[in-house]
1. Using a 1.4 Å probe and ignoring any ligands, DNA or RNA, find the accessible area of V25 and quote it in Å² to the nearest 10.
2. If I compute solvent accessible area with a 1.4 Å probe over the protein chains, what percent of it on the chain is carbon and sulfur?
3. If each DSSP helix of 4+ residues adds -39,500 (n - 2.57) and the sum is divided by the residues in the chain, what number results at 222 nm, nearest 500 deg cm²/dmol?
4. On full extension of the chain, what length is gained from H162 through S44, given 0.36 nm per residue of separation minus the C-alpha to C-alpha distance?
5. Let me cross-check K74: its accessible surface, 1.4 Å probe, with only protein heavy atoms counted, in Å² to the nearest 10?
6. Accessible area per residue for the chain in Å², computed with a 1.4 Å probe and the full protein assembly in place, what is it?
7. In percent, how large is the relative contact order of the chain, given Cα pairs closer than 8 Å and 6 or more residues apart?
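The values are calculated or read from the model by the stated rules, or taken from the named source; none is laboratory data. Being a predicted model, the structure only gives us computed values, none of them experimental. In case anyone asks, the SASA skips ligands and DNA or RNA and just uses the protein heavy atoms, side chains included. Shrake-Rupley method; radii C 1.70, N 1.55, O 1.52, S 1.80 Å.
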Amino acid sequence: FMVTSVRMAAAAVVGGFVMFVCGAVLHVGLELETRTIGVSSSESQLRQLLANQSHSPGFYAFPSLPPELETAPKAVAEYELEWMKGPSGILLVAPTGEASMGPVQLLGELFCNIAACALACLLLISQGNASFVRRCFGFLLLAPVSTLTLTASHVLWYRFPHQFAIDGLWVALVEWSLAGLVMAWILRGRCRVSGDSATLPLS
């Protein structure tokens, strides 16, 4: 018998659910990543300022450099001086009337986890006749890959705290190691590649 699309879907759903639970425990229980989010002593004044200026939801940088001046050497030089003088940073304004942790966020996170695991299952199949341990290790490598390609860029360009990146790496390592272990077990067996297709027989 061959592994069917149902088994592939089961691996993705179970792996995604494991990843979702791990993320909840690590973020809420151990406060990894969230512990790097500070609280401003001027929060009420800042919120009032944003309300008075009617900032629409979006991503703002300060100081800012208008796009039409990005090729003007003098304007760029002045911008760099203002940035280094500080305070400088980014501001993210969320939509009003939206819960901070509602169904959109929770279900969206679960969906993204399942989608990521579905793609990871395709990666597992592409590993051919790799052993169970080698497949699990392949999933584990997805953690530093995601950190180096996404979180590291946030640290370099948007000045996210370094601890945020370290916490994120630990979260990814735990999520991918456990989810990968489950998916590799569900799709266990030797993979036979023939032409442009690959199938996994039941073990």
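1. Using a 1.4 Å probe on the heavy atoms, I get roughly 80 Å².
2. Working: 9150 of 13500 Å².
Here carbon and sulfur together make up 68 percent of the probe-accessible area.
3. Values: 8 runs with 114 residues, N = 203.
The helix contribution divided over the chain gives -18000 deg cm²/dmol.
4. Values: separation 118, 0.36 × 118 = 42.48 nm, distance 2.71 nm.
Using 0.36 nm per residue and subtracting the Cα-Cα distance, I get 39.8 nm.
5. The accessible area of K74 comes to roughly 150 Å².
6. Numbers: 13500 Å² over 203 residues.
Per residue, the chain has an accessible area of 66 Å².
7. Numbers: 213 pairs, mean separation 74.7, N = 203.
Reported as a whole number, the value is 37 percent.
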